[in-house]
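Bear in mind that the values in this text are calculations on the coordinates, not laboratory data. What you are looking at is a predicted structure, and each value in this text was computed from that prediction instead of being measured. FYI the Cβ positions are ideal-geometry reconstructions off the backbone, even for glycines, and counts take in every protein chain you see.
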Amino acid sequence: MSKYIDLRDNCNKELLVAASNCIKEGKLVIFPTETVYGIGADGLNANAVKNIFIAKGRASDNPLILHVSSIDMINRIAYIESKLEKDLINAFFPGPLTIILKKKEIVPNIVCGNLDTVGVRMPINNIAHDLIELSNTPIAAPSANISGRPSGTNIKDIYDELNNRVDYIIDGGDTNIGLESTVIRVINDEIHILRPGKITYDDLSKYGKVVIDSHVLDKVKATDKVLSPGMKYRHYAPKTKCVLVYSENNKKLIEKMKELESENTLVITHNKNINLFKNAISYGETLEDISHNIFKILRSVDKYNNDLVIIEGVKSKGLGLAIMNRLIRACSHNYIKI
Ligand code: AMP
Ligand code: MG
């Protein structure tokens, strides 16, 4: 059994000392960030990091992001090699952006899946920031979920799944954004989006040419070389079979969803369409709502024992690109676009 602290209403730095001591001792701590919850460990302690992979059942070639609390801490672990990287860090740190940088020797290979790069992020969430600062070390933290499952956005959803696998749990309430960070890498002075998130194509375009990696929406083929190993893996998927449907034409979209519907299907849809289906739950109205709610909803669907979950897609633009990236994977690429 892990220790648990409730900081939903009270985030006093002193209350984080015990958790930061756990990090210093090489133990595992679940903590909130503005994106999703993370399973954290001292990112410079190879043994502690190994235990994250074990706790999650994560493939060893799928690298972890190091979470920092200051620019000094970035300089301890990675090289900021170009003006563009520096500009992006200045513009978006702290916040929901991960940048892939050339790693320094001090970072254990296990963190990076033996790559010569490391993902670096500076969370803006107070609890995350204070925990890293008190621990005085970059915290390696993948999303808090067993590998393949939807990421955890509140403690209630992940407690049973992870409680026995970690040493300490910090409850900071619902995470604000609800989707993991945007992951980027600068290559030949272009910004490549490897995983879309709250920081969008348009946000990044103010700083340079942006390329959306083809695997953001397309399936990775066995022969493909991927820039981000995480793209290869099954992710976010409920046990119940899911299908994603999208059309720019709302009438066609609804028609297709109705065609797929039966007595034993569950529809996940926009608020305005909820009454059109026999058995439906709403993921909200705005893209921000959907981003905030979607992992919680994906985690809940199995309990209804349906034959099929029909999910209404959104336009793959802005935050919609991040939502579609997660939904396509949740549906194991079972995607009907009309
Ligand atoms: P998660 O830890 O679940 O938020 O996933 C982290 C994502 O960042 C995965 O998709 C990783 O493949 C990606 N990532 C982390 N480090 C690197 C790196 N050095 N190079 C490329 N992608 C990375
Ligand atoms: Mg993850």
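Residue separation of Ile71 and Lys232 scaled by 0.36 nm, minus their Cα-Cα distance, works out to 54.9 nm of gained length.
At 0.36 nm per residue, and after removing the present C-alpha to C-alpha distance, how many nm does the segment from Asn250 to Lys50 gain when stretched out fully? Walk me through the numbers before you get to the answer.
Numbers: separation 200, 0.36 × 200 = 72.00 nm, distance 4.73 nm.
Roughly 67.3 nm would be gained on extension.
Between the amide H of Ile212 and those of Ile193, distances stay under 5 Å, these residues lying 5 or more places away or on another chain, with hydrogens modeled in the peptide plane. If the segment from Asp116 to Asn90 were pulled out straight at 0.36 nm per residue, it would be longer than the present Cα-Cα gap by 7.0 nm. When the Gaussian network model of the chain links Cα atoms closer than 10 Å, the mean-square fluctuations of Phe31, Phe295, Phe277 top out at Phe277. Here is the short version for the chain: Cys11, Cys22, Cys112 have no other Cys C-beta closer than 4.7 Å.
If the Kirkwood radius is taken over C-alpha pairs of the chain, then at 20 °C and 1.002 mPa s the Stokes-Einstein diffusion coefficient equals 105 µm²/s.
Taking a threshold of 26 Å on the Cα-Cα distance, which of the pairs Lys209/Lys252; Lys239/Lys296; Lys27/Lys239; Lys27/Lys104 fall above it? Walk me through the intermediate numbers first.
Values: Lys209/Lys252 35 Å; Lys239/Lys296 14 Å; Lys27/Lys239 30 Å; Lys27/Lys104 23 Å.
Among Lys209/Lys252; Lys239/Lys296; Lys27/Lys239; Lys27/Lys104, the Cα-Cα distance tops 26 Å for Lys209/Lys252; Lys27/Lys239.
What residues from the range 240-256 fall in the zone where the backbone N is under 19 Å from a label point 7 Å along the Cα-to-C-beta line of Asn273? From the range 240-256, the list is 241-256.
What is the sum of charges, Lys and Arg at +1 and Asp and Glu at -1, for the other residues whose Cβ falls under 14 Å from the Cβ of Ile132?
Details: positive: Lys13, Lys24, Arg76, Arg121; negative: Glu34, Asp42, Asp72, Asp130, Glu133.
Around Ile132, the surrounding residues sum to -1.
Among Ser181, Leu7, Ala237, which residue has its Cα furthest toward the positive end of the charge dipole of the chain, with +1 on Lys/Arg Cβ and -1 on Asp/Glu Cβ? Result: Ala237, furthest along the dipole toward the positive end.
Sum up the charges of everything whose Cβ sits under 14 Å from the Cβ of Gly57, counting Lys and Arg as +1 and Asp and Glu as -1, but leave Gly57 out. Kindly include the intermediate steps, with their values, before the conclusion.
On the way: positive: Lys50, Lys56, Arg58, Arg149, Arg165, Arg234; negative: Asp61, Glu161.
Charge balance in the 14 Å sphere: +4.
Taken as Cα centroids, the range 144-211 and the range 244-275 sit 27 Å apart, rounded to the nearest whole angstrom. With viscosity 1.306 mPa s and temperature 10 °C, the Kirkwood radius over alpha carbon pairs of the range 84-210 converts through Stokes-Einstein to a diffusion coefficient of 99 µm²/s.
Shown in residue order for the range 4-9 are the 3J(HN,Hα) couplings computed by the Karplus curve 6.51 cos²θ - 1.76 cosθ + 1.60 at θ = phi - 60°: 10, 10, 9, 10, 5, 10 Hz (x for Gly and Pro). Placing dummy labels 7 Å off each Cα toward the beta-carbon, the span from Ser147 to Lys209 is 3.6 nm.
Calculate for the chain the 222 nm mean residue ellipticity that helices alone would give, adding -39,500 (n - 2.57) per DSSP H run of length 4 or more and normalising by residue count, nearest 500 deg cm²/dmol.
On the way: 10 runs with 96 residues, N = 338.
Taken over the chain, the calculation gives -8000 deg cm²/dmol.
For the options Val267, Val68, Val17, a Gaussian network treatment of the chain with springs between C-alpha atoms closer than 10 Å singles out Val17 as fluctuating the most.
Between the range 48-115 and the range 280-333, the C-alpha centres lie 28 angstrom from each other. Springs between Cα atoms under 10 Å define the GNM used for the chain, and in it the highest mean-square fluctuation of Ile106, Ile170, Ile212 occurs at Ile106. The calculated pair-distance distribution of the range 113-179 uses every alpha carbon pair, bins of 10 angstrom beginning at 0, and gives 16, 47, 33, 3 percent.
For a straight C-alpha distance cut-off of 19 angstrom, the aspartates and glutamates reachable from Lys206 (same-chain residues fewer than eight places away being disregarded) are Glu85, Asp87, Asp189, Glu190.
In the range 1-143, the ratio of gyration radius to Kirkwood radius, Rg to Rh, stands at 0.95 when only Cα atoms are counted. Here the chain is treated with +1 on each Lys and Arg Cβ and -1 on each Asp and Glu Cβ, and its dipole about the Cα centre works out to around 840 debye.
Assign one of three labels to the range 48-95, namely rounded, prolate or oblate, based on the Cα gyration tensor with a ≥ b ≥ c the square roots of its eigenvalues; rounded applies when a/c is under 1.5, prolate when it is not and a/b is larger than b/c, and oblate otherwise.
On the way: a/c = 2.61, a/b = 2.39, b/c = 1.09.
Verdict is prolate for the range 48-95.
Would you please report the Å³ per residue occupied by the convex hull of the alpha carbon atoms in the range 181-327? Spell out each step's value before the answer.
Values: hull volume 17.6 nm³, N = 147.
Output value, Cα hull per residue: 120 Å³.
As a size descriptor, the averaged projected area of the C-alpha convex hull of the range 164-239 was calculated at 8.1 nm².
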